[in-house]
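J.: The structure that follows is given in the form of structure tokens.
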Amino acid sequence: MDSNQIKVLIAMSIYMAAVICIGLAFAKRASQSSENYFLGGRSLGPWVTAMSAEASDMSGWLLMGLPGVAYWCGIADAAWTAIGLAVGTYINWLIVSKRLRRYSIKADNSVTLPEFFSNRYHENKKVIMTISAVFILIFFTVYAASCLVTCGKLFSTLFGAPYIPMMILGALFVLVYTILGGFLAESASDFMQAIVMFVALICIVVVGTVSAGGISSVIENVKDIPGFLEMFGMAAPVTEGGVQQVSNGVPLFGAPESYSFINICSTLAWGLGYFGMPQVLLRFMAIRSERELTSSRRIATVWVVISLSVAVFIGVVGRSLFPTALTTSSEAENIFIILSTNLLPALLAGFIMAGILAATISSSDSYLLIAASAFSKNLFQGLFKKDASDKQVMLVSRITLLLITLAAIVIALDENSVIFTLVSFAWAGFGATFGPFVLFSLFWKRINRNGAIAGMVGGGFMVFFWNLVVRPIGGAFDIYELLPAFIFSSLCIIVVSLLTAPPSDAIKREFEEVRAGK
């Protein structure tokens with residue numbers, strides 16, 4: 001390890017120590033009760049609510065996955081995805097946040113999403129709770145794996161160490177940190193990490209643009225790549241065995257591919273995922289006052305719009321400055337690291353690299369904690385041992401954290417995994433399984449328990465079916481699985497609810513009270 005690598009390691013160690021201190025600071029309070037551990041006692045302020053929600057949502061793909069897509073094939077795919085996410089963020093905060101916060105309290109002060117879903121329909125047999133908890137376990141394990149891939153790529157690229165040991169090291173750090181502090185530590189550190197991510201993005205885009213000679217020079221350097229700067233076209237790297245070919249120091253591109261209306265709808269559909277994202281929805285439930293959600297919405301929207309725009313442009317800057325440095329789609333996700341380590345002093349680069357670590361930690365701790373709560377609170381206490389004490393629930397939660405982490409490590413063993421691909425699948429899973437379910441539960445009085453179950457199962461099933469069976473057909477069927485699965489889930493809810501008995505008068509009365517703001 002040379003002196004520059006040591007400086008980077010020192011800077012990142014300082015950051016990691018700060019995160020651990022936050023975990024220790026909240027450990028005692030978090031352990032007082034399962035409500036504190038899983039929801040922070042509904043005590044979050046507007047800034048922490050907004051910033052922690054977005055930091056936990058964006059994950060390492062914001063600094064690696066999204067710039068990597070822009071670097072590899074131009075701005076169209078990345079930009080339309082960013083637009084969909086920005087619009088989805090705003091609408092979710094606008095129409096879902098207040099109603100969910102109010103309804104979760106009305107529904108027996110629900111602490112977890114599966115618990116809210118079950119209480120919303122006055123379940124005796126906890127079928128909705130069980131199905132939702134199982135889906136959360138499945139998709140969050142995949143999500144956690146994407147974060148571990150980010151850790152592995154980061155440490156491996158920075159220090160020249162083997163990928164697998166570095167990935168496991170990152171997993172252990174995240175596991176210990178999450179076990180210590182629970183939701184409060186997670187939210188407080190996510191607030192800090194959102195700031196670190198934002199500063200890192202701005203710093204790299206400014207330094208990179210200046211190094212390239214300004215925005216005009218950046219554009220000049222990439223404008224001759226066919227389709228690279230088009231919103232309705234896409235660059236097509238010439239590859240052999242997945243590796244882009246280079247001739248006389250110039251990366252080779254073929255004729256640009258068209259970016260059709262179907263492609264645009266497919267990428268804009270990312271915005272639909274927000275309605276079903278547990279890590280975001282929990283923040284709505286955890287804020288201390290419903291009135292403060294308006295401020296949170298503005299903060300979150302501004303942060304998201306700026307961060308996504310900068311992340312896309314970083315990919316463009318990277319292709320301008322280092323056109324042949326990364327020759328596979330998987331390697332392209334390291335462009336943020338390449339820019340940092342080549343353009344900044346080692347110590348400062350280390351702190352900027354902490355931005356990637358921040359993005360990864362802020363997401364993986366959320367994923368692990370929510371998945372653990374789904375099992376310990378909803379399955380263990382909700383089904384198997386209804387008289388379980390808070391201490392028993394906390395113990396089972398921490399054991400579950402370990403098991404989920406082990407499963408995520410197994411998924412993340414392949415260092416050629418593309419972070420963007422892993423995230424997109426898990427995002428579709430949550431968006432289709434819970435998105436329509438959440439919206440109809442909050443805004444349609446006629447939805448019943450049967451329709452809710454049909455919507456969840458139908459949406460979750462369609463994500464797998466479309467991704468594995470339909471989408472590989474190509475052509476008009478090459479649509480991001482979230483869109484068809486979201487539509488199918490919505491149809492299942494409507495049709496099954498209308499064909500079966502309406503909800504009870506008690507459920508309808510509760511719905512009207514929530515709608516009236518009581």
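J.: Residues that are within 28 Å of Glu481 (Cα to Cα) and touching a residue at least 40 places away in the same chain (Cβ under 8 Å), at least 1 per element: which helices (runs of 4 or more DSSP H) completely within segment 214-317 meet that?
T.: 261-268, 278-286
J.: Open to solvent by less than 50 Å² (accessible area, probe 1.4 Å) and either touching an Asp or Glu at 6+ places or on another chain (Cβ under 8 Å) or within 30 Å of Leu498 (Cβ to Cβ) (or both): does that describe Val463?
T.: So Val463 passes the test.
J.: Looking at (1) within 24 Å of Arg102 (Cβ to Cβ); (2) open to solvent by less than 60 Å² (accessible area, probe 1.4 Å); (3) among the aliphatic types (A, V, I, L, M), which is the one condition that is false for Ala516?
T.: Single failed check for Ala516: (2).
J.: For Ser490, state whether it is open to solvent by 10 Å² or more (accessible area, probe 1.4 Å) and in contact with a Pro (Cβ under 6 Å, 6 or more places away or on another chain).
T.: It is true that Ser490 is open to solvent by 10 Å² or more (accessible area, probe 1.4 Å) and in contact with a Pro (Cβ under 6 Å, 6 or more places away or on another chain).
J.: If you don't mind, another one. Could you tell me whether segment 227-238 includes any residue that is of a type outside the set (Gly, Ala, Ser), out of contact with any helix residue (DSSP H, G or I) (no Cβ under 7 Å at 6 or more places or on another chain) and farther than 27 Å from Phe477 by Cα?
T.: no
J.: Can you pull out every residue in segment 160-174 that is in a helix (DSSP H, G or I), surrounded by fewer than 23 Cβ atoms within 10 Å (Cβ to Cβ) and at pLDDT 80 or above?
T.: Tyr163, Ile164, Pro165, Met166, Ile168, Leu169, Leu172
J.: Of the conditions (1) buried (at least 24 other Cβ atoms within 10 Å of the Cβ); (2) within 30 Å of Thr112 (Cα to Cα); (3) within 18 Å of the chain's Cα centre (by Cα), Ile287 satisfies every one except a single condition; which number is it?
T.: Only one criterion in (1) buried (at least 24 other Cβ atoms within 10 Å of the Cβ); (2) within 30 Å of Thr112 (Cα to Cα); (3) within 18 Å of the chain's Cα centre (by Cα) is unmet by Ile287, namely (3).
J.: Any idea which of (1) open to solvent by less than 10 Å² (accessible area, probe 1.4 Å); (2) assigned to a helix (DSSP H, G or I) is the one Ile447 doesn't satisfy?
T.: With respect to (1) open to solvent by less than 10 Å² (accessible area, probe 1.4 Å); (2) assigned to a helix (DSSP H, G or I), Ile447 is out only on (2).
J.: Which is over 21 Å from Val196 (Cβ atoms) and at pLDDT below 90, of Ile287, Ile264?
T.: Testing whether each residue is over 21 Å from Val196 (Cβ atoms) and at pLDDT below 90 leaves just Ile287.
J.: While we're here: Among Leu282, Leu308, Leu252, Leu268, which is under 21 Å from the mean Cα position of the chain (by Cα) and open to solvent by 30 Å² or more (accessible area, probe 1.4 Å)?
T.: The unique qualifying residue is Leu268.
J.: Residue check, Ala408 against (1) open to solvent by 10 Å² or more (accessible area, probe 1.4 Å); (2) assigned to a helix (DSSP H, G or I); (3) modelled with pLDDT of 80 or more, all met but one. Which one?
T.: (1)
J.: Also: Among the numbered conditions (1) farther than 19 Å from Arg102 by Cβ; (2) touching an Asp or Glu at 6+ places or on another chain (Cβ under 6 Å), tell me where Gly271 comes up short.
T.: If we test Gly271 against (1) farther than 19 Å from Arg102 by Cβ; (2) touching an Asp or Glu at 6+ places or on another chain (Cβ under 6 Å), just (2) comes out false.
J.: To continue, here is another question. Within segment 43-74, work out how many residues are surrounded by fewer than 24 Cβ atoms within 10 Å (Cβ to Cβ) and at positive phi.
T.: Adding up the residues that qualify gives 0.
Every residue, every condition in (1) modelled with pLDDT of 95 or more; (2) open to solvent by less than 30 Å² (accessible area, probe 1.4 Å); (3) in contact with a helix residue (DSSP H, G or I) (Cβ under 6 Å, 6 or more places away or on another chain), yes or no:
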position	(1), (2), (3)
Asp190	no, yes, yes
Gln193	no, yes, yes
Val196	no, no, yes
Ala200	no, yes, yes
Asn221	no, no, yes
Gly242	no, no, no
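J.: Taking segment 321-354 only, how many residues are surrounded by fewer than 24 Cβ atoms within 10 Å (Cβ to Cβ), within 14 Å of Trp72 (Cα to Cα) and among the small types (Gly, Ala, Ser)?
T.: 3
J.: Here's something else I'd like to know. Check off (1) modelled with pLDDT under 80; (2) of a type in the set (Ser, Thr, Tyr); (3) assigned to a helix (DSSP H, G or I); (4) in contact with a helix residue (DSSP H, G or I) (Cβ under 8 Å, 6 or more places away or on another chain) for Ser417 and give me the number that stays unchecked.
T.: (3)
J.: Just give me the residues in segment 99-149 being under 22 Å from the mean Cα position of the chain (by Cα), surrounded by fewer than 22 Cβ atoms within 10 Å (Cβ to Cβ) and among the hydroxyl-bearing types (Ser, Thr, Tyr), in sequence order.
T.: Thr141
J.: Considering only residues that are touching a residue at least 24 places away in the same chain (Cβ under 8 Å) and under 14 Å from Val312 (Cα atoms), which ones fall in segment 204-213?
T.: Ile204, Val205, Gly208, Thr209
J.: If you don't mind, there's one more thing I want to ask. Quick test of your reading of the structure: Val457 fulfils all but one of (1) open to solvent by 60 Å² or more (accessible area, probe 1.4 Å); (2) touching a Phe, Trp or Tyr at 6+ places or on another chain (Cβ under 7 Å); (3) touching a residue at least 24 places away in the same chain (Cβ under 8 Å); (4) outside any loop (DSSP other than H, G, I, E, B). Name the failing condition by number.
T.: With respect to (1) open to solvent by 60 Å² or more (accessible area, probe 1.4 Å); (2) touching a Phe, Trp or Tyr at 6+ places or on another chain (Cβ under 7 Å); (3) touching a residue at least 24 places away in the same chain (Cβ under 8 Å); (4) outside any loop (DSSP other than H, G, I, E, B), Val457 is out only on (2).
The values are calculated or read from the model by the stated rules, or taken from the named source; none is laboratory data. Keep in mind it's a predicted model, so treat the numbers as computed, not measured. Counting neighbours? That spans all protein chains shown, and the Cβs are built from the backbone with ideal geometry, glycine included. Side chains included, ligands, DNA and RNA excluded: accessible areas come from the protein's heavy atoms. Shrake-Rupley method; radii C 1.70, N 1.55, O 1.52, S 1.80 Å.
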